[in-house]
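This report refers to the structure that appears directly beneath it.
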Amino acid sequence: FLDIRDLHRATGYFSYDPGFTCTGSCLSAITFIDGPKGVCLYRGYSVPDLVDQAQALEVAYLLLVGEKPSVAQLAEFRKEIQKHMLVHEKVKAMFSNFTINAHPMAIMVAVIGALSCIFSELDPLDEEHRWLACKRLIAKVPVLACWAYKTSIGQPMMYPRADLSFAENFLYMMFATPMEEYQVNPVAAKAINAFMILHMDHEQNASTSTVRIAGSSQANPYACIAAGVASLWGPAHGGANEAVIKMLEEIGVPENVPNFVADVKAKKEGVRLMGFGHRVYKNYDPRAKVMKGLVAQVLQELGIEDPLLKVAQELEKVALADDYFVQRKLYPNVDYYSGIMLRALGIPTSMFTVMFAMSRTVGWVSQWNEMVSEGQMRIGRPRQLYVGPKERKWSESKGAG
Ligand code: ACO
């Protein structure tokens with residue numbers, strides 16, 4: 001590759017690359033993607049294999065530390081994460097101020113940012129401080145996510161339980177109430193474990209790059225993660241899982257697929273096939289492949305028939321056989337099937353992107369920690385091509401009117 005800094009030093013040139021299509025912003029040893037082949041590895045391990053064989057917390061440790069944990073290391077990590085699941089009462093009190101129909105992503109931006117009020121004494125350059133911040137965020141974000149949901153339905157917020165796994169605790173905090181016996185469904189727990197692993201990291205996507213840029217000024221990491229949540233929210237990124245369900249509901253039945261595809265191809269009012277396409281993958285997203293299998297399995301094991309699955313399958317079939325999609329190498333991405341699985345687990349659409357954020361927090365803190373610990377803390381500062389007016393005199397200007 002070309003190190004543009006050498007060229008810049010020698011000539012003053014810089015590259016113009018809106019959307020950063022061909023600009024590497026950092027060195028990273030966390031996630032490897034081979035776009036043309038459709039491969040995704042965490043620290044060298046295949047993501048589909050990890051979904052099959054690992055627990056979410058093991059993968060969190062792997063991403064953060066770089067190696068698979070030993071039994072003792074995992075037990076210690078689990079204990080630490082459990083301890084940090086407690087949330088300061090001041091942050092808990094914030095939830096009562098949100099309106100009942102507030103989008104849970106809006107709540108997440110606010111409450112994660114508010115953690116930086118509680119943990120303000122933090123030196124990102126101190127390794128122990130950083131490690132503590134990473135663990136706190138991995139532990140607390142799922143609790144905040146479930147509380148955002150409970151707030152939206154007016155139910156009391158539940159605390160996690162020490163006897164449950166990371167994935168089980170998510171389901172417990174989402175669906176248990178103080179008045180009823182709640183048994184975590186093992187099919188649902190397995191599905192959440194897989195969802196979390198699949199979404200944990202994906203190199204320099206928009207939200208991760210946002211976290212890195214925010215962190216490059218040595219800002220408080222809790223505020224940096226809040227910035228990542230905001231960046232994830234949009235439908236071109238993590239918000240796509242919510243947008244896919246909206247699209248499938250609008251299509252309604254498989255018979256309407258050809259008309260919808262015609263609208264997409266005609267680029268009618270910016271209509272896109274949500275959950276399709278990816279900046280890096282020019283092949284089937286390996287996470288989408290896993291998700292597709294998982295959806296079928298979860299629906300079958302839970303005995304659920306979702307009419308939207310038929311619409312999604314027909315849409316995929318029609319799109320993959322169409323020149324528009326073939327020529328542009330547009331395939332389903334991880335968001336295409338994930339919403340159908342989450343619906344089957346009883347998770348409302350408004351929580352889909354929150355769940356993405358909860359899982360991606362592991363990647364965000366790992367990337368932030370890597371950036372700081374590897375001395376890559378050069379402030380992120382892209383350039384621009386100025387296209388405005390030449391210098392002119394205020395006193396000589398008549399104004400636009
Ligand atoms: N539906 C229809 N056409 C599409 C789609 C789509 N989903 N995605 C790309 N295209 C077309 C574009 O119109 C463009 O066509 P053109 O050459 O005729 O102008 C061409 O394919 C290239 O598209 P770009 O927008 O340049 O691709 P880019 O890499 O910038 O965008 C993105 C990637 C944002 C993911 C895009 O494919 C998209 O909007 N997909 C739908 C939203 C989505 O699913 N987002 C989730 C991404 S994965 C994630 O964040 C977890």
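For the ranges 311-317, 142-148, 9-15, 167-173, what's the packing order if you count other beta-carbon atoms within 10 Å of each residue, average per peptide, and put the highest first?
142-148, 167-173, 311-317, 9-15
Highest mean first, what order results for 337-344, 378-385, 271-278 on Cβ atoms within 10 Å?
Packing order, densest peptide first, comes out as 337-344, 271-278, 378-385.
Once the mean 1/r over all distinct Cα pairs of the range 1-122 is inverted, what Kirkwood radius in angstroms do you read off?
Computed over Cα pairs of the range 1-122, the Kirkwood hydrodynamic radius comes out at 19.2 Å.
From largest to smallest, what semi-axes in whole angstrom does the range 313-401 give when each is the square root of 5 times an eigenvalue of its alpha carbon gyration tensor?
Sorted largest first and rounded, they come to 43, 27, 18 Å.
Quick one: if you stick a label point 7 Å off each Cα along the C-beta vector at Lys310 and Asp34, how many nm between them?
With each label placed 7 Å out from Cα toward Cβ, I get 3.9 nm.
With 10 Å bins from zero, work out the P(r) of the chain over every alpha carbon pair and list the percent per bin.
Histogram of Cα-Cα distances, whole percents per bin: 4, 21, 31, 25, 13, 5, 1, 0.
Kirkwood-based Rg over Rh for the range 121-190 (C-alpha set), two decimals?
1.09
In the range 195-234, if every C-alpha pair distance is counted and binned at 10 Å from zero, what percent goes to each bin?
33, 52, 14, 0
Would you work out which of Val253, Tyr182, Val143 lies farthest towards the positive end of the dipole of the range 137-260, given +1 charges on the beta-carbon of Lys and Arg and -1 on that of Asp and Glu, about the Cα centre?
Val143
Can you list the aspartates and glutamates whose alpha carbon sits under 15 Å from that of Lys265, skipping same-chain ones fewer than 8 residues off?
Candidates past the 8-residue exclusion: Glu316, Asp322, Asp323.
What lysines could a cross-link reach from Lys79, if we take a straight Cα to Cα line under 29 Å and drop same-chain neighbours fewer than 8 places away?
Lys68, Lys90, Lys92, Lys135, Lys140, Lys150, Lys190
Per q in 0.15, 0.20 Å⁻¹, report the Debye log10 I(q)/I(0) for the range 178-322, using one uniform scatterer on each alpha carbon and no solvent.
Listed by q, the Debye log ratios stand at -0.96, -1.31.
Measure of size requested: the Rg and Dmax of the range 45-187, with Cα atoms as the atom set and Å as the unit; please supply both.
16.2, 46
Between Glu80 and Ser120, what is the FRET efficiency for a Förster distance of 25 Å, r being their Cβ-Cβ separation, to the nearest 0.05?
Using R0 = 25 Å, I get an efficiency of 0.70.
Regarding the range 11-73, what's the average projected area of the Cα-atom convex hull, expressed in nm²?
Mean shadow area of the hull around the Cα atoms is 6.6 nm².
Please report, in debye to the nearest 20, how large the charge dipole of the range 211-347 is about its Cα centre when each Lys and Arg carries +1 at its beta carbon and each Asp and Glu carries -1 there.
640
Order of 18-30, 196-208, 351-363, 104-116 by packing, highest average Cβ count within 10 Å first?
Result, highest mean first: 351-363, 196-208, 104-116, 18-30.
At a Förster radius of 45 Å, what calculated FRET efficiency corresponds to the Cβ-Cβ distance of Ile153 and Glu67, to the nearest 0.05?
0.65
Every number here is computed from the coordinates shown, using simple stated rules; none is lab data. Computed from a prediction, not measured in an experiment: that's the story for all the values here. Counting neighbours? That spans all protein chains shown, and the Cβs are built from the backbone with ideal geometry, glycine included.
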